[in-house]
Structure formats: C-alpha cells, structure tokens
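Q: Would you mind keeping the following structure in view while I ask a few things?
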Amino acid sequence: MRLSWSNQKDIAAALLAAHPECDRLSLSHESLLNLIISLPDFEDAAEPPQPECLDHILWTWMRLADSGGDANGGGSGGEIRERCGT
C-alpha cells in the first residue's frame with residue numbers, strides 16, 4: 001500500500017508495526033518525521049502539508065497502540081530510543 005500524508009491512519013498503523021516498542025511520548029517532531037519518511041511504503045513529499053499532520057499521526061499511533069494491546073512496554077529506555085531513532 002502506498003502511504004502518503006492523506007493516509008494518516010495508515011501511516012500510524014505502519015509506524016506501530018515497524019516500531020511497536022517505541023516511546024512515542026519522547027519523540028520530537030523531527031524524529032517522528034524521520035520515522036515516517038523512512039517507512040518502506042511512504043511515497044510522498046518529505047514534509048507534511050501542515051504541521052498538525054505530525055500531531056495527528058502521533059495521536060493516532062498512540063491510540064492504535066493502546067487499543068491493540070501494546071501493554072508490554074518492553075525493553076529498556078536505551079533500546080526504545082535506539083529503535084525509534086532518537
């Protein structure tokens with residue numbers, strides 16, 4: 001599936017699949033943007049059309065993680081930061 005800024009829920013789901021252990025609360029906008037544009041199916045401009053897109057994607061990613069049973073929280077803080085690219 002081709003991902004673009006217009007599929008914000010799909011981007012959030014792809015981030016959850018690619019980075020299930022990520023500490024989403026500690027991500028900067030720059031780190032989140034880097035994670036998004038590095039997704040294999042992401043094929044849009046490197047900058048979101050509106051700054052609010054990143055906030056919406058992050059919020060959706062958190063909701064998907066909470067509803068999907070991502071309750072393990074696994075790993076240490078160092079592993080989480082490394083996996084998230086921060």
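Q: Within the stretch 1-59, track down each residue that is in contact with a Ser or Thr (Cβ under 6 Å, 6 or more places away or on another chain) and surrounded by fewer than 17 Cβ atoms within 10 Å (Cβ to Cβ).
A: 9, 31, 44
Q: Would you be able to tell me the number of residues in the stretch 50-75 that are modelled with pLDDT of 50 or more, of a type in the set (S, T, N, Q) and assigned to a loop (DSSP other than H, G, I, E, B)? So that I can check it myself, show each step before the final result.
A: Step one: list which residues in the stretch 50-75 are modelled with pLDDT of 50 or more, which gives 50-68.
Checking which are of a type in the set (S, T, N, Q) leaves us with 50, 60, 67.
Subsequent filtering for residues that are assigned to a loop (DSSP other than H, G, I, E, B) retains 50.
Number satisfying all stated conditions: 1.
Q: Just give me the residues in the stretch 1-49 being assigned to a loop (DSSP other than H, G, I, E, B) and among the charged types (D, E, K, R), in sequence order.
A: Correct list: 2, 21, 23, 41, 43, 44, 47.
Q: Just checking, how many residues over the stretch 1-35 are in contact with a Pro (Cβ under 8 Å, 6 or more places away or on another chain) and either more than 18 Å from residue 50 (Cα to Cα) or among the hydrophobic types (A, V, I, L, M, F, W, C) (or both)? Quick ask: steps written out before the conclusion?
A: Residues of the stretch 1-35 that are in contact with a Pro (Cβ under 8 Å, 6 or more places away or on another chain), as a first pass: 5, 29, 33.
Pick out the ones that are also either more than 18 Å from residue 50 (Cα to Cα) or among the hydrophobic types (A, V, I, L, M, F, W, C) (or both) and you get 5, 33.
Selection size over the stretch 1-35: 2.
Q: Oh, and also: Can you tell me which residue is farthest from residue 2 (Cα to Cα) among those in the stretch 26-45 that are hydrophobic (A, V, I, L, M, F, W, C) and in contact (Cβ under 8 Å) with a residue 12 or more places away in the chain? Break it down stepwise before answering.
A: Going through the stretch 26-45, the residues hydrophobic (A, V, I, L, M, F, W, C) turn out to be 27, 32-33, 35-37, 39, 42, 45.
When the remaining residues are screened for being in contact (Cβ under 8 Å) with a residue 12 or more places away in the chain, the result is 27, 32-33, 35-36, 39, 42, 45.
Details: 27: 24, 32: 18, 33: 17, 35: 16, 36: 13, 39: 10, 42: 6, 45: 13 Å.
This residue is 27.
Q: Take the conditions farther than 15 Å from residue 24 by Cβ, at pLDDT below 90 and either part of a helix (DSSP H, G or I) or under 15 Å from the mean Cα position of the chain (by Cα) (or both) and apply them to residue 78. Does it pass?
A: Working: farther than 15 Å from residue 24 by Cβ: yes; at pLDDT below 90: yes; either part of a helix (DSSP H, G or I) or under 15 Å from the mean Cα position of the chain (by Cα) (or both): yes.
Considered against the rule, which asks whether it is farther than 15 Å from residue 24 by Cβ, at pLDDT below 90 and either part of a helix (DSSP H, G or I) or under 15 Å from the mean Cα position of the chain (by Cα) (or both), residue 78 comes out as yes.
The values are calculated or read from the model by the stated rules, or taken from the named source; none is laboratory data. Keep in mind that this is a model prediction, so the values were computed, not measured. Methodologically, a virtual Cβ is constructed for each residue, glycine included, from the backbone with ideal geometry; neighbour enumeration extends over all protein chains shown.
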